[in-house]
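Down below is the structure, laid out as structure tokens.
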Amino acid sequence: MNINDFRCIALSFEGAEESSHMGQPDFRVGGRIFATLASAKQGYGNLMLTLEQQTAFVEELPEVFLPIPGGWGRMGMTHIRLAAANEDVLAGALRTAYHLRLQKNAKSSRKPTQKPKLRPPAKRKPALKPRKKKR
């Protein structure tokens with residue numbers, strides 16, 4: 001698989017669109033990112049997964065999947081080695097990231113049943129007058 005395959009599969013999902021994040025191609029649904037090509041020069045696509053999904057993918061196909069180094073990887077962001085992936089694996093991984101983003105979008109768009117109570121502005125205490133010095 002290559003960058004064009006990644007792009008075609010990512011854009012095949014309903015409502016998916018290509019955009020850009022920090023000058024790198026990304027793929028969004030509902031305005032939120034589910035995959036990027038930020039590491040394309042290194043031969044990777046990037047997937048936004050949960051830690052559990054990442055662990056399962058890496059355990060099953062360690063030659064294809066690896067956590068992105070550092071904090072991003074500890075949050076579930078995962079590289080997919082495009083040259084090592086076949087179409088079914090790439091499509092399944094992108095579909096997983098896409099559906100996760102749809103679930104997160106649905107949760108964040110729910111409206112609270114009650115409006116939060118607003119506190120009245122805090123009353124200000126009058127400024128203290130300086131004390132007169134005793135002689």
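Every read-out reported here was derived from the displayed coordinates using simple, explicitly stated rules and does not represent laboratory data. Please read all numbers here as calculations on a predicted model, not as lab measurements. As a convention, Cβ positions derive from the backbone with ideal geometry for all residues, glycine included, and neighbour counts pool all protein chains shown.
Assuming R0 = 30 Å, what is the FRET efficiency of residue 109 and residue 52, from their Cβ-Cβ distance, to the nearest 0.05?
With a Förster radius of 30 Å, E is 0.80.
Kindly put 55, 78 in sequence by how many other C-beta atoms sit within 10 Å of each C-beta, fewest to most.
Arranged by neighbour count, lowest to highest, 55, 78 become 55, 78.
Can you pull out the GluC sites (Glu not before Pro) in region 1-67 whose DSSP state is coil and whose Cβ has at most 14 other Cβ atoms within 10 Å?
Sparse-neighbourhood loop GluC sites (Glu not before Pro): 14, 63.
Stretch residue 42-residue 5 to full length: gain in nm at 0.36 nm per residue minus the Cα-Cα span?
So the extension gain works out to 11.7 nm.
Classify region 1-117 as rounded, prolate or oblate, taking a ≥ b ≥ c as the square roots of the eigenvalues of its Cα gyration tensor: rounded when a/c is under 1.5, otherwise prolate if a/b is larger than b/c and oblate if not.
Taking the square roots of the gyration eigenvalues as a ≥ b ≥ c, region 1-117 is prolate.
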